[in-house]
Amino acid sequence: MLTELLQSANLFHLLHRIDIDLAKEQQLAGCPFCGGPLHYSNYERKPRGGPETLPEEICIRLSLCCGKENCRRRTLPPSTLFMDRHVYFRGVILIILTLQQKFPRKNSKARLMRMFDVSRKTINRWQGFFRDVFPVSAVWHRLRGMISTDVSNDNLPGELIIYFAKHIKTAEKALVSCLEFLARGEAQKMMAR
Ligand SMILES: [Zn+2]
């Protein structure tokens, strides 16, 4: 069921609309460095793991740039579609890891590599991030307080996906809510020009 979700163009349209809202909120807040006005300066990306027929406008990482002469710095608004500079969609990363953690008998690493056309090295890197970096991050610390203590720090992000799936009726809504929860919890990512 989780893997089928990733073939739904509707899911990616929904996430794109949330990303637009997140970027608008960031734009309204102004430049985090100087308070100046923010303008769009998006990146075209070729994210992997989603349906092949996604329109180009969805494969864009929304990004903002300060309009003040002496600043001109970039601000990346939070995103449900993208995770840092990873090539795969954030939802794809979360689902691959969840399948491995929660349903390992059916989802060997070799099977997931074939299904999603992803290398072992890449999956290992994501696993390392969610095992060693994310559980002790400020982002998770902040989010941790907003959800049940039943969600363990081990086996993230699978624990989180299953938590949302238990509390929200459809798998699609659960995944969307989980992605929005993570995106909103993230500290503003800033990049020097
Ligand atoms: Zn600025």
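The values are calculated or read from the model by the stated rules, or taken from the named source; none is laboratory data. Keep in mind that what you see is a predicted model, and the values were worked out from it rather than measured. Don't worry about glycine lacking a Cβ; one is built from the backbone with ideal geometry, like all the others, and counts go over all protein chains shown. Note: areas computed on protein heavy atoms with side chains; ligands, DNA, RNA excluded. Shrake-Rupley method; radii C 1.70, N 1.55, O 1.52, S 1.80 Å.
The residues in segment 63-94 that are out of contact with any Ser or Thr (no Cβ under 7 Å at 6 or more places or on another chain) and closer than 27 Å to Ile123 by Cα can be counted, and the count is 17.
Which residues, counting only those in segment 55-98, are within 16 Å of the ligand (Cβ to nearest atom), out of contact with any Cys (no Cβ under 9 Å at 6 or more places or on another chain) and either open to solvent by less than 10 Å² (accessible area, probe 1.4 Å) or within 17 Å of Leu5 (Cα to Cα) (or both)? Of everything in segment 55-98, those that are within 16 Å of the ligand (Cβ to nearest atom), out of contact with any Cys (no Cβ under 9 Å at 6 or more places or on another chain) and either open to solvent by less than 10 Å² (accessible area, probe 1.4 Å) or within 17 Å of Leu5 (Cα to Cα) (or both) turn out to be Ser63, Pro77. Only one entry of Phe181, Phe134, Phe129, Phe164 meets the criterion of being open to solvent by 50 Å² or more (accessible area, probe 1.4 Å), among the hydrophobic types (A, V, I, L, M, F, W, C) and either farther than 17 Å from Asp84 by Cβ or modelled with pLDDT of 90 or more (or both), and that entry is Phe129. For segment 30-46, how many residues meet the condition of being at pLDDT 95 or above and either assigned to a helix (DSSP H, G or I) or more than 16 Å from the ligand (Cβ to nearest atom) (or both)? Count: 1.
Looking only at residues in segment 9-29 that are within 16 Å of the ligand (Cβ to nearest atom) and of a type outside the set (Gly, Ala, Ser), the one that is surrounded by the most Cβ atoms within 10 Å (Cβ to Cβ) is Gln26.
Among residues that are surrounded by fewer than 17 Cβ atoms within 10 Å (Cβ to Cβ), touching a residue at least 60 places away in the same chain (Cβ under 8 Å) and within 29 Å of Ala171 (Cβ to Cβ), Thr3 is included.
Residue by residue, here is whether (1) farther than 24 Å from Glu44 by Cα; (2) of a type in the set (Asp, Glu); (3) touching a residue at least 60 places away in the same chain (Cβ under 8 Å); (4) not in a helix (DSSP H, G or I) holds:
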position: His86; (1), (2), (3), (4): no, no, no, yes
position: Gln101; (1), (2), (3), (4): yes, no, no, no
position: Asn107; (1), (2), (3), (4): yes, no, no, yes
position: Ala110; (1), (2), (3), (4): yes, no, no, no
position: Arg114; (1), (2), (3), (4): yes, no, no, no
position: Thr122; (1), (2), (3), (4): no, no, no, no
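Summed over segment 124-143, residues that are without any contact (Cβ under 8 Å) to a residue 24 or more places away in the chain, more than 20 Å from Pro78 (Cβ to Cβ) and of a type in the set (S, T, N, Q) total 1. Of all the residues in segment 156-184, those that are touching a residue at least 12 places away in the same chain (Cβ under 8 Å), assigned to a loop (DSSP other than H, G, I, E, B) and touching a Ser or Thr at 6+ places or on another chain (Cβ under 9 Å) number 1.
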